[in-house]
């Protein structure tokens with residue numbers, strides 16, 4: 001196992017708009033160890049979402065390098081980037097983005113099915129992670145039959161099913177009521193400890209950020225230690 005789950009080296013991102021250059025990320029450096037939980041906080045428009053997209057290999061930096069579990073994304077074709085993303089990263093969003101026509105089991109199995117694993121083997125692995133997030137009795141329910149908190153737990157199980165080096169979570173409790181959000185906080189920390197999976201969590205929630213091993217602040221495109 002590599003000693004770095006996710007790494008960004010000197011990452012910059014800029015856009016050209018109306019003849020003007022807009023700098024969004026300025027020489028960002030970040031290294032996350034296996035099993036580490038890191039929270040990124042910052043005001044809207046500070047570059048957090050752009051950073052998450054680049055770390056998740058959904059966008060390319062203008063300069064700099066991203067490594068996932070020791071493998072650089074530099075120079076990879078789109079299909080190679082997609083395979084690295086599928087194998088090495090998991091994603092949890094504010095909205096669960098589950099497929100309404102599939103059961104919880106098949107929603108969780110989907111990343112493995114997309115990765116061309118045998119469907120039954122993928123479902124067996126999905127069952128393991130649904131049990132991990134406390135949904136062993138809901139595996140054959142459809143998203144419309146689940147509560148908001150349950151849907152978000154399904155999304156977390158889906159993010160974990162490929163046993164990624166790192167899970168990227170974008171406001172994972174932002175669409176939940178406080179009681180459900182607290183339960184989600186506890187679950188994230190438990191899964192982080194049990195699965196030894198690294199987490200990078202972008203959040204406005206100080207309680208969720210306080211759970212992390214490290215808190216970082218995104219400020220005007222730069223990533224610094226949070227006070």
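Coordinate-derived values only; no laboratory data. Note that the structure is predicted; figures quoted are calculated from it, not measured. Cβ coordinates were reconstructed from backbone atoms using ideal geometry, including for glycine residues, and neighbour counts include every protein chain displayed.
The P(r) of the chain has a tail past 30 Å containing 23 percent of all C-alpha pairs. Against the main long axis of the alpha-carbon atoms of the chain, helix 104-114 sits at an angle near 50°.
Tell me the volume per residue, in Å³, of the convex hull enclosing the alpha carbons of the stretch 88-149. Please report the intermediate quantities before stating the final value.
Details: hull volume 5.8 nm³, N = 62.
Spelled out: Cα convex hull of the stretch 88-149, divided by residues, is 94 Å³.
Any idea what the relative contact order of the chain is, in percent, if you count C-alpha pairs under 8 Å spaced at least 6 apart? RCO, the chain: 29 percent.
Fewest Cβ neighbours within 10 Å first, please rank 191, 139 accordingly. Numbers along the way, then the final one.
Working: 191 22, 139 19.
Exposure proxy ranking, most exposed first: 139, 191.
Using bins of 5 Å that start at zero, the share of Cα-Cα pairs per bin across the stretch 33-98 amounts to 3, 14, 24, 25, 20, 12, 2, in whole %.
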